[in-house]
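Comments concern the structure below.
The values are calculated or read from the model by the stated rules, or taken from the named source; none is laboratory data. These numbers come from a predicted model, not from an experiment. All Cβ positions, glycine included, derive from the backbone under ideal geometry; neighbour counts span all protein chains shown. Areas reflect the complete protein model, heavy atoms only, side chains present, ligands, DNA and RNA absent. Shrake-Rupley method; radii C 1.70, N 1.55, O 1.52, S 1.80 Å.
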Amino acid sequence: MSSATLYVVATPIGNLGDLSPRAQEVLRSVAAVCAEDTRHTRPLLAHFGINKPLLALHDHNEDSIAGRIVARLLGGESLALVSDAGTPLVSDPGFRLVRAARAAGVKVSPVPGACAAIAALSVAGLPSDRFLFEGFLPAKSGARRERLQRLASETATLVFYESSHRIAESLADMAAVFGGERPAVIARELTKLFETVLDGSLQDLLARVDADDNQRKGEFVVMVQGVGDDEAARLAEGRRLYARLNEHLPPSAAAKLAAELSGAPRKALYGQGGSD
Ligand code: SAM
């Protein structure tokens, strides 16, 4: 094994004060920094008086460039990997590089710090002993609802990343699929000037986001409480009924009847191909 290390360094998600002293030290010590967007990372490093060669590593070139980066590590140079914000590899590039470095026997070491999902969970007041990080939902409503339907009977707290473009649509789909009463929390612009953490039922949160343009601006983590055992049982029964009824009835009629009989939300019962 070469003595060089690939350091995976978390960077701030808004407040520059969150770049730890160790992260600064590591970024100062390495031969070069692999960055998702060099235009973004250069000013961050400059703010801390760090001047290092930057190597662009993003989703579109990661496969082709990973080999070259691993060759440098094997040649004895320590390098750092950063993304635009937060922890690399968490809905960010780096997975293929880390896998290639590990496969080549290179030491890969974390320099932990900000991560929007964990920061959001830490202030949400939702159960956090078990959570399921789902990252970004699909952009298209059909695929998004299908993903949500697969999560409808999950008992762990669900954690999603969302952008300003889709926050309202995604909340509307969550309310439709999970039921409007489900408790949820929206963490917006964490560690920044307009940091806001809203809690309530999904329908409540949707109404607040719809009513106020400002609540649709910035970056979001949406967390949804998992279902209790009773609700999980209702959903399981509803799905079983839906599957049987759908052998004889159109999907919408089968879902309506299965929802009535089981007490589960109708939209949570649609399987692949359900459309309303
Ligand atoms: N790797 C990052 C991390 O560790 O959190 C996440 C990168 S992902 C491309 C960007 C998404 O993270 C945003 O769309 C938003 O959902 C979430 N996010 C990032 N910064 C945030 C912040 N300050 N407040 C709330 N959500 C944030």
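Structure notes:
- Max mean-square fluctuation residue, GNM over the chain, Cα-Cα springs under 10 Å, options Ser153, Ser122, Ser201: Ser122
- DSSP-loop chymotrypsin sites (Phe, Trp or Tyr not before Pro) across the stretch 1-100, with at most 16 other Cβ within 10 angstrom: Phe48
- If only the Cβ of Lys and Arg carry +1 and only the Cβ of Asp and Glu carry -1, the dipole of the stretch 102-227 around its Cα centre is close to 560 debye.
- Trypsin sites (Lys or Arg not before Pro) restricted to the stretch 125-228 and DSSP loop, no more than 14 other C-beta within 10 Å: Arg130, Lys140, Lys192, Lys217
- In the stretch 117-227, inverting the average of 1/r over every pair of distinct C-alpha atoms gives 13.6 Å as the Kirkwood radius.
- Column: log10 I(q)/I(0), Debye, Cα scatterers of the stretch 51-188, q = 0.14, 0.18 Å⁻¹: -0.79, -1.05
- Proximity of backbone amide H atoms, modeled 1.01 Å from N, is registered between Asp37 and Asp84 at under 5 Å, excluding neighbours fewer than 5 places apart on the same chain.
- Spherically averaged projected area in nm², based on the convex hull that wraps the Cα atoms of the stretch 230-269: 2.1 nm²
- When only alpha carbons are used to place a centre, the stretch 97-112 and the stretch 174-197 end up 34 Å from one another.
- Using alpha-carbon coordinates, inclination of helix 229-245 to the longest axis of the chain, degrees: 70 degrees
- In the context of the full set of protein chains, residues of the chain present 48 Å² of accessible surface per residue (probe radius 1.4 Å, heavy atoms only).
- Which of His248, Gly125, Pro93, positive extreme of dipole for the chain (C-beta unit charges): Pro93
- Within the accessible area of the chain (1.4 Å probe), percent carbon and sulfur: 51 percent
- Derived scalar couplings ³J(HN,Hα) [the stretch 92-102; Karplus, 6.51 cos²θ - 1.76 cosθ + 1.60; whole Hz; x for Gly, Pro]: 8, x, x, 4, 5, 5, 4, 4, 5, 5, 5
- Gaussian network model of the chain, springs between alpha carbon atoms under 10 Å - residue of Pro265, Pro88, Pro43 with greatest fluctuation: Pro43
- Under 5 Å from the amide H of Leu137 lie the amide H atoms of Tyr161, each residue being 5 or more positions distant or on a separate chain, with H modelled from the backbone and absent for Pro and chain starts.
- Phi angles across the stretch 77-89 convert, under the Karplus curve 6.51 cos²θ - 1.76 cosθ + 1.60 with θ = phi - 60°, into 3J(HN,Hα) values of 8, 7, 9, 10, 10, 10, 10, 5, 7, x, 8, x, 6 Hz, Gly and Pro given as x.
- Accessible area in the full protein assembly, largest first, 1.4 Å probe, for Asp129, Asp173: Asp129, Asp173
- Compared with the rule-of-thumb size 2.2 N^0.38 Å for a compact globular protein, the stretch 5-114 has a Cα radius of gyration ratio of 0.95.
- Sparsely packed chymotrypsin sites (Phe, Trp or Tyr not before Pro) within the stretch 171-227, loop by DSSP, other Cβ within 10 Å at most 14: Phe194
- Along each principal axis, Cα extent of the stretch 1-57, largest first, Å: 37, 23, 19
- For the stretch 198-276, alpha-carbon Rg relative to the globular expectation (2.2 N^0.38 Å, N residues): 1.39
- Distance histogram for the chain (every C-alpha pair counted, 5 angstrom bins, percent rounded to whole numbers): 1, 6, 11, 14, 14, 12, 11, 10, 8, 6, 4, 2, 1, 0
- Taking amide hydrogens as placed 1.01 Å from N in the peptide plane, the amide H of Arg182 sits under 5 Å from those of Leu202, Gln203, each at least 5 positions away in sequence or on another chain.
- Of Ala258, Ala187, Ala143, the one that fluctuates the most in a GNM where the chain has Cα springs shorter than 10 Å: Ala143
- Simple Cβ-charge dipole of the chain, Lys/Arg +1 and Asp/Glu -1, about Cα centre, in debye nearest 20: 780 debye
- Normalised by the number of residues in the stretch 5-114, the average gap of Cα pairs under 8 Å and 6 or more apart makes the relative contact order 46 percent.
- Projecting the Cα atoms of Val106, Ala23, Ser153 onto the dipole axis of the chain, where Lys and Arg carry +1 and Asp and Glu carry -1 at the beta carbon, places Val106 farthest toward the positive end.
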